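Notes for the one structure printed next.
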Amino acid sequence: MRYQETLDWMFAQLPMYQQKGKSAFNGKLDNIIKLVDHLNHPEKKFKTIHVAGTNGKGSSSHMLASVLQEAGYKVGLYTSPHLKDFRERIKINGVHVSEDFVIDFVAKNKVFLTENKLSFFEMTVGMAFEYFALEQVDIAIIEVGLGGRLDSTNIIIPEVSLITNIGLDHMDMLGTTLPQIASEKAGVIKPNVPVVISEYQEEVAAVFREAAQARDAVIIFAEKEKLPDYKTSLLGNYQRMNVKGVLATLKQLKGYDVKEDHIKAGLIHVVENTGLLGRWQILGEHPLTVCDTAHNSEGLAVVLQQINQQKYKTIHFVLGFVKDKNLETILPLFPVEARYYFCSPKIVRRLDEKLLQEKAAEYGLIGEVYDSVNEALVSAKNEAENSDFIYVGGSNFVVAEVV
């Protein structure tokens, strides 16, 4: 198969949480353990940092990779989901895995993948581990896909674990309260491996302390630590907390020569070094148009605080969501005086734009519906004046269609 045919097979043949939601979530590690055994355990052939959390884990992973690249190391980076190209998930020093490697991995392992009914995510994790092992990376930053305890990435023994933030997301799989969700995230804490918690949240701090104590793991709450106030090129006030977690993680990382200059340069050159997309990303200047992948109440609340600090005459929201989001906690966050352009991303899990319009109206959010994200954005641009502000978001998949 050629590259596109390979991707088509991967997306169509195997369950994919991005597209199908809960039905694609395996909820156990049996299959990924079978796969790495089949591959002769590539995950044991390189060192890692494991990054979990509800919000901020993607940005934090990219920051860590950027800093370590600046220090001269060969750095693998595994993240999800991708926005434009599947190969965004697997990078070394900011360069995507080659199309040929993707083709060859699937071709060599297709019988095994099919017979064992591996999920899309399990297959992709195995592919990343195989790639990083063959390329002999000095270290790899591995982002958790969903939860932590039963996530396919959770077969690694990292040098440090980082947990960024706990919010009410994926409640149908992880639990309906913050402590329940935190307990799932705490599953990445390994015996005698230090764990950094970026944000101190009173409601879940005890969950992390107990998990760390049970596994003899040193625990560091980055927000409580005295750390330098370094700046990052990633826009958005919410990145301050992520930076603290990254700094505390680097402080716990042993055996790597990371100096202050590397940290400063890495935090300033995150996008250039890693190719990160969709974090308070500016799409246009007149009017100022920004997109962001925040997609739950905690993440959107922080983004809306940032929007409130902008200067504009009128604000325009191009919004779309997936079906499993709790709109009752999300929609009340948005201002009623704004103009709304309701749309939906081109995926199976899309929330119908007309249903979104009806639900939004219950909270005083009034707007028109559009057949596509791009059509909604074009309409917003046509209606907006140069002094206005346009925000595009609500879902990774909405952002993916505009970046």
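The values are calculated or read from the model by the stated rules, or taken from the named source; none is laboratory data. Computed from a predicted structure; not experimentally measured. All Cβ positions, even for glycine, are placed from backbone atoms using ideal geometry, and neighbour counts span all protein chains on display. Areas reflect the complete protein model, heavy atoms only, side chains present, ligands, DNA and RNA absent. Shrake-Rupley method; radii C 1.70, N 1.55, O 1.52, S 1.80 Å.
Tell me the per residue accessible area of the chain using a 1.4 Å probe; a whole number in Å² is fine.
Numbers: 16880 Å² over 403 residues.
On a per-residue basis, 42 Å².
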Net dipole in debye of segment 181-322 [+1 Lys, Arg Cβ; -1 Asp, Glu Cβ; about Cα centre; nearest 20]: 180 debye
Cα-based helix-to-principal-axis angle, 297-308 vs the chain, degrees rounded to 10: 50 degrees
Within the accessible area of segment 117-265 (1.4 Å probe), percent carbon and sulfur: 47 percent
Given the candidates 219, 6, 131, the one whose Cα lies deepest towards the positive end of the charge dipole of the chain, counting +1 at each Lys or Arg C-beta and -1 at each Asp or Glu C-beta, is 219
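What part of the accessible area of segment 20-109, given as a whole %, is carbon or sulfur when the probe is 1.4 angstrom?
Values: 1510 of 3370 Å².
Whole-percent figure for carbon plus sulfur exposure: 45.
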For segment 72-218, fraction of C-alpha pairs farther apart than 29 Å, in %: 24 percent
In range of the label at residue 385: residues from segment 298-324 whose backbone nitrogen is under 14 Å from the point 7 Å along Cα→Cβ: 312-316
Karplus 3J(HN,Hα) series, Hz, for segment 309-316 with 6.51 cos²θ - 1.76 cosθ + 1.60 (x for Gly, Pro): 8, 7, 9, 7, 7, 9, 10, 10
Out of 390, 56, 300 - ranked by how far each Cα lies towards the positive end of the dipole of the chain, with unit charges on the beta-carbon of charged residues - the top one is 56
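Taking the convex hull of the alpha carbon atoms in segment 232-326, what volume per residue do you get, in Å³? Can you show the working numbers first?
Values: hull volume 13.8 nm³, N = 95.
So the per-residue Cα hull volume is 145 Å³.
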Computed ³J(HN,Hα) along segment 324-341: with the Karplus parameters 6.51/-1.76/1.60, θ = phi - 60°, integer Hz and x for glycine or proline, the list is 8, 7, 7, 5, 5, 9, 8, 4, x, 6, 8, x, 6, 7, 7, 9, 10, 10
Span from the segment 311-390 Cα centroid across to the segment 181-213 one, whole angstrom: 36 Å
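How much of the pair distance distribution for segment 278-403 lies past 19 Å, counting alpha-carbon pairs only, in percent? Write out the running numbers ahead of the final one.
Details: 3095 of 7875 pairs.
Looking at segment 278-403, the distances longer than 19 Å represent 39 percent of pairs.
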Going by alpha carbons, how many degrees (0 to 90, nearest 10) lie between the helix axis of 239-252 and the longest principal axis of the chain? 10 degrees
Under 17 Å from the Cα of residue 323, which lysines turn up, not counting those fewer than eight places away in the same chain? 20, 22, 346, 354, 359
Amide H of residue 162: which non-local residues (sequence gap of 5 or more, or other chain) have their own amide H closer than 5 Å, using H built in the peptide plane? 50, 51, 52, 196
Calculated FRET efficiency, residue 309 and residue 3, Cβ-Cβ r, R0 45 Å, to nearest 0.05? 0.55
Projected label distance in nm at residue 283 and residue 12, using a 7 Å step from Cα toward the beta-carbon: 3.0 nm
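About its Cα centre, what dipole magnitude does segment 219-265 give when the only charges are +1 on Lys and Arg Cβ and -1 on Asp and Glu Cβ, stated in debye to the nearest 20? Don't skip to the answer; put the middle values down first.
Numbers: 9 positive and 6 negative charges, 17 e Å.
That gives a dipole near 80 debye.
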Helix 120-134 sits at what angle to the longest principal axis of the chain, using alpha carbons and giving 0 to 90 degrees rounded to 10? 50 degrees
Amide H contacts under 5 Å for residue 321, restricted to residues at least 5 apart in sequence or on another chain and with H modeled in the peptide plane, are 351
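With all pairs of different alpha carbon atoms counted, what Kirkwood hydrodynamic radius in Å does segment 1-150 show? Walk me through the intermediate numbers first.
Values: mean 1/r = 0.0641 Å⁻¹.
It works out to 15.6 Å.
Within 10 Å, count the other beta carbons around each residue, average over each peptide in 358-365, 158-165, and list them highest first.
158-165, 358-365
If you place +1 on the Cβ of every Lys and Arg and -1 on the Cβ of every Asp and Glu, how big does the dipole about the Cα centre of the chain come out, in debye to the nearest 20? Don't jump to the answer; show the numbers that get you there.
Working: 43 positive and 51 negative charges, 150 e Å.
About 720 debye.
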